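Contents: one structure, followed by commentary.
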Amino acid sequence: MMSLFSGQIHTNQGAIISPLHPNDPFFETWLDTVLTFLLKQHTNKLTSFSDEVRQLYYLAQHFNGFSDAQILIYTTIAKAFEVSRYWPGAIEAYEKILALKPDDYETIMGLARTHGLEVHKDDFIKYSYQSINMNPFNWDWILYITDLLVNGFFSLFSEALSILDYVVDQFPNAKIGFGAEVYKIQKIYKLRGTIREKIGDKVGLCSDCLNMIAVSFCGKTLPTFIDELLETLGYTNISITNYPIILLPPDYLISTLSTTLFTSTNGIIPGHVGLLQPDFDCAKTEIVTAFRTLAREFEADPQTIQAKLWSASPMKSVVLIMLYIAITIQPSAHLCLQIAKIALNIKETCIVNQIINQRTIDGTGLAIEYLKYGLSYDKNNVEILCLLGDIFYQQRNFFEMIAIYAKIRRVDSQLELKDGARIRLRIAEDHPRFLTTLTQNLNYVCNWKSRGGIGIYWSDYMGNLRIEPKPRANPGYMKMVSDAVDKELTEGANYGKGVINSSGGSLHLLNTWCSCLSDNDKSLRYLNFMASQWTLREPVFKNEGGWIIRTILHLMRKIQRQWYLDIYGQTYKSFVPLPKIQLTSSARVKYRRPLIPVGLPRPSSTSVQPFYTFIYDMAPRQVRLITHREALCVAYDGCTAPWLDTCVYPPPPPPSPRLKIGYVSSDLRNHPMAHLMQSVFAFHDRTAFEVYCYSLMPNDGSPYRAKIEQGVDVFYDCSGSSTEQIVSQIVNDGIHILVNLNGYTAGERNQIFATRPSPVQVEHMGFASAMGGMWTDYNIVDAFVCPESQTGNNKLSRKFTYNDGDLLGEMDPEVDDNDWTYPEKALYLPHTYFFNDHKQGFRDDAYYANSPYANDPAIIWGLEEDRRWDMRKSLFPHLPESAVIFANFNQLYKIDPVIFNTWLNILDKVPNSYLWLLAFPEEGTKYLQETARRWKGPRVADRIIFTDVALKEEHVLRGRIADLVLDTPQVNAHTTACDTLWSGTPMVTLPGPDHKMCGRVAASVCRATGFGDKMIVSDHRSYEERAIRLAKSVSYSYWHGSYAPYLPPCIHRNGQGELIELRKKIFLNRDKMRLFDTEKAVRELERGFTEAWVRWVDDIEQNIHVNG
């Protein structure tokens, strides 16, 4: 038999004899030498059948009685097998050791390790548990076996959690120092959190992230750390339920706050002191990831976090502070993007902390700073670039916007990111937000290259207008946006899937939500009927989360009504004031607010925001669902606000006798809304109505703001108030009907309405489209801008034989029907819904109002013609006397290529005509000029004139210079339609499709003049023909003299023809027109308000029609 190390090992009758006695101090060294020899001799694989292994086993037998020697020999064998990856041999050797020494820790670890690698599940778990019980503080071993349990062959999450839970329970008994030990404990929490995330335990994940932070901060909890940080920043006596919203710029965080956070350790996380590379960087990255994870989860489901982990509020303040800490520890582009997204949702204007120069900043401004800072870490970050471009577009900052998007377009189709991920810039699929923002930007400046189109007209890649024989979806941005929206709507229909089942089922939820409703309540009867169908089979909802939120919002209103009936009965009005409802503990229980189930995250809106549906070729279902999905987001934020009471807001006492109307708007200043509505508030009948205004923007010192403030009973400047404070004020004021004058426009605070502070909530004037229902009960419209067939209430009555008016009997917005648009109910005014104040606020008749000829139409019209002629010569001195001036005073984004081509045709066929447009924005003028030259040549293009935007009074006054206004069908003239008609200038308008209110407003306005048939056309051809006919009808005669003996003689110019006669009729009859009779419009609105209140008391949920 071959001997090991010939001359050192001898045999005696077949047994191996060591040259050293087991008690020899060099015996173990000799065994190490043997191990080295074995590994050199067997570079491939060592097995139990190898001669050397058999010799070592014989040697162990030779030393029978010397257990320590035998253990050393078997250990040598086990190590040799492990290095050679022959697990059965290692297991056999370890078992022999265990027979000699049952409590040998290293051997038990070896058995756990080798059984795990040999995929012996039961033995692996057995020895793993045994080793952990023996030593729960061997951090490296704990991390090894739990990682093997989760990521090896087993995926044993519960067993890994069991081990980690046991280990964590032993932490109070461990002596934890700094550096490496802290890092390993941090990794244990990280691993447990990762496992919890994989099994869907988001609260457990957050708990372990907090533990990671606490151990790295040497036992200091995050709430304590945040309190100390706030104190450093100058905030004292901060309550956990009222954290301030602090806006800190990135330069301050990186340069100053880093040393402030960890002063005693020179900016290093205390528990990481002493760590060497690369562990130091890894440990820091893990803590930053923990902060980012907490921010993500806290933002996604604040209700659950507050209920089960940390009752801090408002949660957005906590999230922002956590991200500040994270970016201070380790700045990155990803953190900058995360902070920017949160900052964009901050509506309040804040003063940057007093330590930092006392400058005022808002969430958008802070977002821009962080996005630009993020680009310093990753200059090609597509998400940052897209979001930054979107913000610049919203701000109309086109120079910055164009530079950003030019950079994105220069990027290769594949962009290598720092983390190694490769993102294809397939803008329709991977970046719908980029696609929609880009198309909005291009449309805003009338760059129609590759615009495409849905229908028979479309723009090709060169910007040329193409016409198809049949309507279709033509290639280009419009089709790409439509496809992207369809994809988002389909994916969004899975929102909340499974939440009903995980919450105990639909019946359980309904029983919980409806417990306080009376047996006679329509909602309860309807739900009982539905529940009877669900007992056999659980319902399947197309958008399960949406159904949950819709039901909750509806029931909030019903519970509020039930409270009203319980206290005041079915009372419409009281002639003596009745006391307000006092909140009691029993009332809070009885009228408790339905809660969004734990586990339902915040919904997502589409990449096309509601306002931008105006400019796209969207179908009714697309418009409906875009607004509905946005409304769901608002509703979720309202329902999960941390400051909400446990019960619904108590209803106000009955009117006694005045109905309280509250108007909420950010536009009660020098803004088109105020220009139109400034006298409306004062015109309300003060014997029947009490008027409140809640301004979301500060006083701009304009006369419009002053007039509004003087015209209401109570005016609040809420510009610095939180949503909670505004809602509380509305409830305290006892508002019966709350009017949203913003809709989905800049400055809105729609979350106010989502909390349901008022029994009846309506939208008026601010947004010319659907609102998405739920927290909007009625959209105030007229029958032309919103045909009743477009309302869900009407669709329901046509689709089913019954319609009890119950909201839960409404058409689900998610249905596939493509023939209706408005989920909310409509309140129809008899003439036009579009109010204006021109008769009161923009009178321009001082030159004849108090004169002897004030009642002589012939003289008044003659003087008006003189005035028009003089103003025209002043503004356009170089135009020929016979020129016909067409005009459009809209922002350029309202122009589409089809109507622009129609305008060019009109100019071409009326050689003495000119087209007057506003340079709004100026960047759009070059694209329009370029397109006109390409399509019609310089002879037509040179007759397009651009002027700057004028101040409001001058703008209204100079509207009379134009001969005929040419409207935009895609998005009509709204305010400017009233402006030009008040000046007496007619217009030609082509109404948009039934589902696009924004394209039907001008026709509604024209109808209210009484001359709508002269100005409204049915298609582009008749549009062109009407404009040409009217323009060619004009002729002028000149004479010298005076209209009356007491007027000085001069040269006069009088016009003749169909267009001139129409102008004359509009001008001379404007004071008698229904369009400009603001006081009468308010009376009709009041009748609508009164009916809405009565129907709320009576629980009738149907469209309202106000008689004229």
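The values are calculated or read from the model by the stated rules, or taken from the named source; none is laboratory data. Here the structure is a predicted model, which is why all the values come from computation and not from measurement. Reconstructed Cβ throughout: ideal geometry from the backbone, glycine too, with neighbour counts over all protein chains shown. Just so you know, the surface numbers come from the protein's heavy atoms only, side chains and all, with ligands and any DNA or RNA stripped out. Shrake-Rupley method; radii C 1.70, N 1.55, O 1.52, S 1.80 Å.
Checking the structure you have, find out if any residue of segment 984-1006 is in contact (Cβ under 8 Å) with a residue 40 or more places away in the chain, in a helix (DSSP H, G or I), open to solvent by 10 Å² or more (accessible area, probe 1.4 Å) and not aliphatic (A, V, I, L, M). For segment 984-1006, residues in contact (Cβ under 8 Å) with a residue 40 or more places away in the chain, in a helix (DSSP H, G or I), open to solvent by 10 Å² or more (accessible area, probe 1.4 Å) and not aliphatic (A, V, I, L, M): absent. Can you tell me which residue among G452, G492, G498, G463 is surrounded by 18 or more Cβ atoms within 10 Å (Cβ to Cβ) and either acidic (D, E) or closer than 24 Å to A300 by Cα (or both)? From the options G452, G492, G498, G463, the qualifying one is G492.
Check every one of the helices (runs of 4 or more DSSP H) wholly within segment 922-967 and list those with 1 or more residues that are within 26 Å of E1025 (Cβ to Cβ) and assigned by the TED database to the domain that holds D979.
On the way: elements: 923-936, 938-941, 952-958.
Qualifying helices (runs of 4 or more DSSP H): 923-936, 938-941.
For (1) within 27 Å of I1060 (Cα to Cα); (2) more than 48 Å from the chain's Cα centre (by Cα); (3) surrounded by fewer than 20 Cβ atoms within 10 Å (Cβ to Cβ), each residue gets a yes or a no:
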residue: D812; (1), (2), (3): no, no, yes
residue: A826; (1), (2), (3): no, no, no
residue: H831; (1), (2), (3): yes, no, no
residue: K839; (1), (2), (3): yes, no, yes
residue: Y853; (1), (2), (3): yes, yes, yes
residue: I859; (1), (2), (3): yes, yes, yes
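The residue that is modelled with the lowest pLDDT, counting only those in segment 796-838 that are over 30 Å from H955 (Cβ atoms) and among the β-branched types (V, I, T), is T801. Counting the residues of segment 933-960 that are acidic (D, E), closer than 13 Å to F842 by Cβ and either free of Cβ contacts under 8 Å to residues at least 12 places away in the same chain or surrounded by 17 or more Cβ atoms within 10 Å (Cβ to Cβ) (or both) gives 1. Could you grab me the full set of residues in segment 988-1004 that are among the aliphatic types (A, V, I, L, M), in contact with a Ser or Thr (Cβ under 6 Å, 6 or more places away or on another chain) and under 20 Å from D1077 (Cβ atoms)? Within segment 988-1004, A1002, A1003 qualify.
Can you confirm whether R756 is surrounded by fewer than 24 Cβ atoms within 10 Å (Cβ to Cβ), in contact (Cβ under 8 Å) with a residue 24 or more places away in the chain and among the basic types (K, R)? Walk me through it before giving the result.
On the way: surrounded by fewer than 24 Cβ atoms within 10 Å (Cβ to Cβ): no; in contact (Cβ under 8 Å) with a residue 24 or more places away in the chain: yes; among the basic types (K, R): yes.
Spelling it out, it is not the case that R756 is surrounded by fewer than 24 Cβ atoms within 10 Å (Cβ to Cβ), in contact (Cβ under 8 Å) with a residue 24 or more places away in the chain and among the basic types (K, R).
For segment 215-236, how many residues are at negative phi and open to solvent by 20 Å² or more (accessible area, probe 1.4 Å)?
Taking segment 215-236 first, the residues at negative phi are 215-217, 220-233, 235-236.
Restricting the remaining residues to those that are open to solvent by 20 Å² or more (accessible area, probe 1.4 Å) gives 215, 220-221, 223-224, 227-228, 231-232, 235-236.
Total meeting the criteria: 11.
Screening I567 against (1) outside any helix (DSSP H, G or I); (2) modelled with pLDDT of 95 or more leaves a single unmet condition, (1).
When segment 588-621 is filtered for residues that are surrounded by 18 or more Cβ atoms within 10 Å (Cβ to Cβ) and part of a helix (DSSP H, G or I), the ones remaining, listed by number, are P610, F611, Y612, T613, F614, P620, R621.
Pairs are defined by a Cβ separation below 6 Å, a sequence spacing of at least 6 or placement on different chains, a first member in segment 885-914 that is among the basic types (K, R), and a second member that is outside any loop (DSSP other than H, G, I, E, B); the pairs so defined are K909/I1028.
Every residue, every condition in (1) at pLDDT below 80; (2) within 30 Å of D301 (Cβ to Cβ); (3) touching a Phe, Trp or Tyr at 6+ places or on another chain (Cβ under 6 Å); (4) among the small types (G, A, S), yes or no:
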residue: S128; (1), (2), (3), (4): no, no, no, yes
residue: F178; (1), (2), (3), (4): yes, no, no, no
residue: E181; (1), (2), (3), (4): yes, no, no, no
residue: Q186; (1), (2), (3), (4): no, yes, no, no
residue: R192; (1), (2), (3), (4): no, yes, no, no
residue: G200; (1), (2), (3), (4): no, yes, no, yes
residue: S207; (1), (2), (3), (4): no, yes, no, yes
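In segment 410-431, is there at least one residue being assigned to a helix (DSSP H, G or I), more than 21 Å from I626 (Cα to Cα) and at pLDDT below 80? Checking segment 410-431: at least one residue is assigned to a helix (DSSP H, G or I), more than 21 Å from I626 (Cα to Cα) and at pLDDT below 80.
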